[in-house]
Amino acid sequence: VKRVRVQHLRRMKEQREPITMLTCYDAVTARIFDAAGIDVLLVGDSYGNTYLGYESTVSVSLEEMEVATAAVARGAKRAFIVADLPFGSYEESSERAVASAVRLIKAGAHAVKLEGGIRQASAIKAIVEAGILVVGHIGFTPQSENRLGGPRVQGRGEQKDAVIEDAVAVQEAGASAVVLEMVPADVAKKVTRILRIPTIGIGAGAATDGQVLVWTDMAGMTDWSPRFSKRFGDVGGALALAAAGFRDAVKGRGFPTEENSF
Ligand code: KIV
Ligand code: NA
């Protein structure tokens with residue numbers, strides 16, 4: 001299999017072939033998504049709340065992101081791997097941002113993602129100058145959820161220009177793609193038309209160059225998922241059935257049988 005690379009993502013935008021991206025945090029799942037032909041695996045800091053049980057993404061550490069990134073890299077042969085710089089690992093200086101990005105690349109990522117447009121342009125530029133691919137993330141940025149007053153759509157009405165300016169700033173700083181989260185569809189469409197680099201939407205309508213979902217939402221692992229998401233399966237239900245089947249078999253002395261024994 002041929003590895004998906006940055007030029008392939010750009011070509012998909014040019015040829016209007018939608019780019020598919022799912023979050024991924026371990027090797028087992030990476031192998032499955034890779035074989036399913038998902039173009040980009042995002043080791044998102046959503047790892048913190050979806051997998052590690054933290055209240056929010058801000059608690060996840062760079063060390064935890066390195067472990068998850070390395071696992072995904074071991075599981076995926078084709079997909080392009082993007083890893084999130086977690087909260088607190090890049091904001092204080094460009095030097096810190098580069099050092100943190102280097103660690104995720106060493107762990108196996110092909111690019112790093114960080115949140116913020118104009119406010120993070122210098123960090124993006126510094127990381128790119130270090131020879132590392134960057135994916136931007138604008139609109140609703142979960143790491144600053146408290147400042148934004150919760151998960152709210154960004155770029156409505158008068159805020160529209162601010163989102164467009166952030167998108168342009170991310171591109172001009174040298175990013176290779178940008179995630180647009182919870183942005184009105186018409187704003188995302190305009191940003192997608194203006195930018196040369198691919199836009200990947202989540203809660204940003206159908207006109208972006210690609211779509212990303214948190215895999216546990218996508219596969220039905222959770223009781224609740226946001227309106228912009230969609231369940232494409234009932235993996236949580238299937239897993240619960242498998243566990244219950246094992247429990248019943250062992251309790252009822254139906255497993256193991258002679259076939260499973262030596
Ligand atoms: O961490 C994450 O899951 C993300 C996606 C929602 C884009 O950043
Ligand atoms: Na994230």
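Readers should treat all values here as calculations from the given coordinates under stated rules, not as data from a laboratory. None of the values given here were measured: they were computed from a predicted structure. With ideal geometry, Cβ positions are generated from the backbone for all residues, glycine too; neighbour counts draw on all protein chains shown.
Inter-label distance, Phe255 to Asp186: 5.5 nm, where each label sits 7 Å from its Cα along the C-beta direction.
When the chain is treated as a Gaussian network with alpha carbon springs shorter than 10 Å, the biggest mean-square fluctuation among Phe33, Phe80, Phe246 belongs to Phe246. Run the numbers on the range 6-231 and let me know its relative contact order in percent, using alpha-carbon pairs under 8 Å that are six or more apart. Computed value for the range 6-231: 17 percent relative contact order. The label-point distance for Lys106 and Ile194, in a model that sets each label 7 Å from Cα toward Cβ, rounds to 3.8 nm.
Order these peptides, 60-71, 81-92, 248-259, 145-156, by their mean beta-carbon neighbour count within 10 angstrom, highest first.
Answer by packing, highest mean first, reads 81-92, 60-71, 145-156, 248-259.
Comparing Gly44, Gly201, Gly237 in a Gaussian network model of the chain, where Cα atoms under 10 Å apart are tied by springs, the biggest mean-square fluctuation is seen for Gly237. Helix 62-75 axis versus longest C-alpha principal axis of the chain: approximately 70°, rounded to the nearest ten. For the chain, the longest principal axis of the C-alpha atoms and the axis of helix 160-172 are separated by about 90°. Separation of the range 1-32 from the range 121-182 is 20 Å, based on Cα centroids.
Helical content of the chain, expressed as a calculated mean residue ellipticity at 222 nm, amounts to -12000 deg cm²/dmol (DSSP H runs of 4 or more residues, -39,500 (n - 2.57) each, divided by residue number, nearest 500). Per-peptide packing, taken as the mean over residues of other Cβ atoms within 10 Å, places 49-56, 137-144, 189-196 in the sequence 137-144, 189-196, 49-56 from highest down. Other residues with beta-carbon under 10 Å from the beta-carbon of Arg78 carry, at +1 per Lys or Arg and -1 per Asp or Glu, a net charge of +1. Please give the helix 235-251 orientation as an angle from the longest Cα principal axis of the chain, in degrees from 0 to 90, rounded to the nearest 10. Taking Cα atoms only, the helix is inclined about 20 degrees. With 0.36 nm allotted per residue and the present C-alpha distance subtracted, the Arg16-Ala206 stretch has 67.2 nm of extension available.
Rounded to the nearest whole Hz, the Karplus-based 3J(HN,Hα) values (6.51 cos²θ - 1.76 cosθ + 1.60, θ = phi - 60°) of the range 22-29 follow the sequence 10, 6, 7, 9, 8, 6, 4, 5, with x at glycine and proline. Compared with the direct C-alpha span, the chain from Ala240 to Arg74 gains 57.1 nm at full extension, assuming 0.36 nm per residue. Look at the Cα gyration tensor of the range 6-231: its axes a ≥ b ≥ c give a/c under 1.5, and that counts as rounded.
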